[in-house]
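Reading through the structure tokens given below for one structure.
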Amino acid sequence: MTKRTVTRAGWAIAAVLVVGLTATGCSSKKPPVARPVQPPDSTTTPAPALPPPPPPPAATTIRETPVAPAPKLPDDTMASRSVDDLNRDSPFKPVFYGYDSAELSPEGRAVLDENSTILKTYSTWAVTVEGHCDERGTAEYNLALGERRAAAAVSYLVSLGIPASRLRTVSYGKEFPFDPGHDESAWGRNRRAHIVITGK
């Protein structure tokens, strides 16, 4: 065998080795396997959509609630004044009634609420509630009507916590009008229950 033949044979073996190693190296590397994508579950209910945000509040006009004024209480000099002086400038308000009626109106109850506050402040005072009427009708009828008006006022004061022992009633019918006129305005002022202090 000549030197040239050995060289060719060496190159042929080397080529076979390179090809073999290349094939082995390539075969050791595995190609990547594509993983199957999981199909969506058709039984799963989709998440509910969020509700739309609430609309902004409509502009409203704020009305201020009227506050009733606190009842005016008598000053501290009331305790030292005489009964006559107190009645001359009475701290009590009269209660007015409708025609031929002894029923208390809401306004009448509000007045008695204020009067009861004074009576509670001066707990030793005794009072008489006078019933008055306008000039229409007989004297006898108006005496009975005046008594019913005074009794209605006293009954309401007792319901507010004023002891009945401090309250008396009397009817003057149409004998002592507050207003001497002869029209509806005068008559309305004369249909009343008037509180008079009789003892301290």
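Structure values in brief
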read-out: Condition check for THR128: surrounded by 13 or more Cβ atoms within 10 Å (Cβ to Cβ) and of a type outside the set (Gly, Ala, Ser); value: yes
read-out: Members of the range 131-167 found to be touching a residue at least 24 places away in the same chain (Cβ under 8 Å), surrounded by fewer than 16 Cβ atoms within 10 Å (Cβ to Cβ) and within 35 Å of the chain's Cα centre (by Cα), listed by number; value: LEU160, GLY161
read-out: Residue list for the range 168-186, restricted to those being surrounded by 11 or more Cβ atoms within 10 Å (Cβ to Cβ) and either in contact with a Leu (Cβ under 6 Å, 6 or more places away or on another chain) or among the polar types (S, T, N, Q) (or both); value: THR169, SER171, GLY173
read-out: Scope the range 98-129; condition in contact with a helix residue (DSSP H, G or I) (Cβ under 6 Å, 6 or more places away or on another chain) and within 23 Å of LEU86 (Cβ to Cβ); matching residues; value: LEU112, SER116, ALA126, VAL129
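Any read-out appearing in this document is the output of simple, stated calculations on the displayed coordinates, not a laboratory observation. Here the structure is a predicted model, which means the values were calculated and not measured. Because the Cβ atoms are built from the backbone with ideal geometry, glycine has one as well, and the counts that use them run over all protein chains shown.
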